[in-house]
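Undergrad: This is the structure, below, for whatever I ask next.
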Amino acid sequence: MFGIASRNEVATHRQVARALEARGHDIAVYEGPWRGWLDAFAAARLFAARNAELAVVEGPRSFAMFGWARLLHPSTTVTGLAATDAEAAERELEGVRSRAHRYRRAVFLDRDGTLMPEIGALGRPEAVRLMPGVSPALRALQAARYELVVVSNQSAIGRGAVTAEQVTAVNAALRRALRAEGVELAGLFLCPHRPEDGCDCRKPLPGLLLQAATALDLSLARSWLVGDSTRDTQAAARAGVRGILLQTGWGGGDPAAPDDASAPRPVRDIAAATRAILRG
């Protein structure tokens, strides 16, 4: 993700850009004014050097300038930004990026026990560690044109064990750890509620998947969900998504697991899940 501010609204763009950077996005701010063709060529070189997916601009002159720059680096999408706070800007720009990709399918991923070890309430970003095999598996899914979307219950927020700000910092660290391995998340969708709160987003309900599908323009029928809890596979079934249960983390032995044999048989790890997805 790449932020560009023109001189008229530098302060607003810079504030949003820095907030997005704190949420784990790869951001740069390039300030105008724009004077002509030389600036368009300079912008195109900058897009290429940073492998920019999005160029966020304001004003018709900036749109025109970077529209020409995009001709030289067509993988960059030029867009405006209506949102003025980080969370709304994140959703807006993630939607723009996903629509530009046109994959229209995703692998939804549980966080704890799937991407990271299951260690309970986590509020320290320095404790973020990727599970073995996660990076090559996600790179393979990304190369196969799947958006990678985290959907995670975080009731520790509702219980007061961690703050929303701490969870945001942990998720930022997760984004950075994956980016260092060549993986870019399309979005993270969290439920902060306790089971007794009666929300519609806590897995095993499908609310997080429905939110993500709307925000990122995804076809649920063409998507998968990978997780270590039967809550994950139940949410997948309710959303019309194909679910895969892992032996890592809870391994299907979570408190929500049914007493009968109706839970799907877990596969060994995320590498095995990826092979199953790529076989179709």
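The values are calculated or read from the model by the stated rules, or taken from the named source; none is laboratory data. The structure presented is a predicted model; accordingly, all values stated were derived computationally and were not measured. Note: ideal-geometry Cβ built from the backbone for every residue, glycine included; neighbour counts use all protein chains shown.
Undergrad: Quick check on the stretch 217-231. Is at least one of its residues in contact with a Leu (Cβ under 6 Å, 6 or more places away or on another chain) and in contact (Cβ under 8 Å) with a residue 60 or more places away in the chain? Spell out how you get there, then give the answer.
TA: Kept after step one, since they are in contact with a Leu (Cβ under 6 Å, 6 or more places away or on another chain), are these residues of the stretch 217-231: 226, 228.
When the remaining residues are screened for being in contact (Cβ under 8 Å) with a residue 60 or more places away in the chain, the result is 226, 228.
Yes: the stretch 217-231 contains one or more residues that are in contact with a Leu (Cβ under 6 Å, 6 or more places away or on another chain) and in contact (Cβ under 8 Å) with a residue 60 or more places away in the chain.
Undergrad: Here is a follow-up. For the stretch 60-75, check the following and say yes or no: at least one residue is touching a strand residue (DSSP E or B) at 6+ places or on another chain (Cβ under 6 Å) and closer than 26 Å to Cys191 by Cα.
TA: No, because not a single residue in the stretch 60-75 is touching a strand residue (DSSP E or B) at 6+ places or on another chain (Cβ under 6 Å) and closer than 26 Å to Cys191 by Cα.
Undergrad: Kindly indicate whether Thr248 is out of contact with any strand residue (DSSP E or B) (no Cβ under 8 Å at 6 or more places or on another chain) and either among the small types (Gly, Ala, Ser) or within 24 Å of Ile119 (Cβ to Cβ) (or both). Step through it out loud before you land on a result.
TA: Details: out of contact with any strand residue (DSSP E or B) (no Cβ under 8 Å at 6 or more places or on another chain): yes; either among the small types (Gly, Ala, Ser) or within 24 Å of Ile119 (Cβ to Cβ) (or both): yes.
In short, yes.
Undergrad: When you scan the stretch 248-267, do you find a residue that is of a type in the set (S, T, N, Q), closer than 18 Å to Pro136 by Cα and touching a Lys or Arg at 6+ places or on another chain (Cβ under 9 Å), even just one? Spell out the reasoning first.
TA: To start, the set of residues in the stretch 248-267 that are of a type in the set (S, T, N, Q) comprises 248, 262.
Cutting the leftovers down to closer than 18 Å to Pro136 by Cα gives us 248.
Now drop any that are not touching a Lys or Arg at 6+ places or on another chain (Cβ under 9 Å), which leaves 248.
Within the stretch 248-267, one or more residues are of a type in the set (S, T, N, Q), closer than 18 Å to Pro136 by Cα and touching a Lys or Arg at 6+ places or on another chain (Cβ under 9 Å).
Undergrad: The conditions are (1) touching a residue at least 12 places away in the same chain (Cβ under 8 Å); (2) among the hydrophobic types (A, V, I, L, M, F, W, C); (3) within 24 Å of Arg91 (Cα to Cα), and Ile277 fails exactly one of them. Which is it?
TA: Every condition holds for Ile277 apart from (3).
Undergrad: Which residues, taken from the stretch 123-138, are among the hydrophobic types (A, V, I, L, M, F, W, C) and surrounded by fewer than 22 Cβ atoms within 10 Å (Cβ to Cβ)? Give the derivation first.
TA: The first filter runs over the stretch 123-138 and keeps only residues among the hydrophobic types (A, V, I, L, M, F, W, C), leaving 127-128, 130-131, 134, 137-138.
If the condition is that a residue be among the hydrophobic types (A, V, I, L, M, F, W, C) and surrounded by fewer than 22 Cβ atoms within 10 Å (Cβ to Cβ), then Ala127, Val128, Leu130, Met131 are the ones that fit.
Yes or no, residue by residue, for (1) in a strand (DSSP E or B); (2) within 22 Å of the chain's Cα centre (by Cα); (3) exposed (fewer than 15 other Cβ atoms within 10 Å of the Cβ); (4) modelled with pLDDT of 95 or more:
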{"residue": "Arg202", "(1), (2), (3), (4)": "no, yes, no, yes"}
{"residue": "Leu209", "(1), (2), (3), (4)": "no, yes, no, yes"}
{"residue": "Gly251", "(1), (2), (3), (4)": "no, no, no, no"}
{"residue": "Asp254", "(1), (2), (3), (4)": "no, no, no, no"}
{"residue": "Asp259", "(1), (2), (3), (4)": "no, no, yes, no"}
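Undergrad: Another question, then. Name the residue, out of Ala172, Ala213, Ala177, that is closer than 24 Å to Ser135 by Cα, surrounded by fewer than 20 Cβ atoms within 10 Å (Cβ to Cβ), at pLDDT 95 or above and in contact with a Leu (Cβ under 7 Å, 6 or more places away or on another chain). Before the answer, list the steps.
TA: Working: Ala172 fails: in contact with a Leu (Cβ under 7 Å, 6 or more places away or on another chain); Ala213 fails: surrounded by fewer than 20 Cβ atoms within 10 Å (Cβ to Cβ).
Matching residue, one of Ala172, Ala213, Ala177: Ala177.
Undergrad: Looking only at the stretch 110-125, which residues are touching a helix residue (DSSP H, G or I) at 6+ places or on another chain (Cβ under 8 Å) and under 30 Å from Ala221 (Cβ atoms)?
TA: Listed by number, the residues that qualify are Asp110, Arg111, Thr114, Leu115, Met116.
Undergrad: To continue, here is another question. If I ask for residues that are at pLDDT 85 or above, among the charged types (D, E, K, R) and on the phi < 0 side of the Ramachandran plot, which ones from the stretch 55-109 would you list?
TA: Result: Asp85, Glu87, Glu90, Arg91, Glu92, Glu94, Arg97, Arg99, Arg105.
Undergrad: Across the stretch 76-86, which residue is nearest to Ala52 (Cα to Cα) among those that are free of Cβ contacts under 8 Å to residues at least 60 places away in the same chain and surrounded by 12 or more Cβ atoms within 10 Å (Cβ to Cβ)? Working first, answer last.
TA: Going residue by residue through the stretch 76-86, those that are free of Cβ contacts under 8 Å to residues at least 60 places away in the same chain are 77-80, 82.
Filter once more, so that each one left must be surrounded by 12 or more Cβ atoms within 10 Å (Cβ to Cβ): 77-80.
Numbers: Thr77: 8, Val78: 10, Thr79: 12, Gly80: 15 Å.
This residue is Thr77.
Undergrad: Pick from Arg70, Arg61, Arg50, Arg111: which is assigned by TED's automatic domain parsing to the domain that holds Leu185 and of a type in the set (Lys, Arg)? Steps first, please.
TA: Numbers: Arg70 fails: assigned by TED's automatic domain parsing to the domain that holds Leu185; Arg61 fails: assigned by TED's automatic domain parsing to the domain that holds Leu185; Arg50 fails: assigned by TED's automatic domain parsing to the domain that holds Leu185.
Going through Arg70, Arg61, Arg50, Arg111 in turn, the sole match is Arg111.
Undergrad: Here's a follow-up. Where in the stretch 8-110 are there strands (runs of 3 or more DSSP E), lying fully within it, with 2 or more residues that are farther than 25 Å from Arg145 by Cα?
TA: Working: elements: 29-31, 54-56, 77-79, 106-109.
Once the strands (runs of 3 or more DSSP E) in the stretch 8-110 are filtered for at least 2 residues that are farther than 25 Å from Arg145 by Cα, what remains is 29-31.
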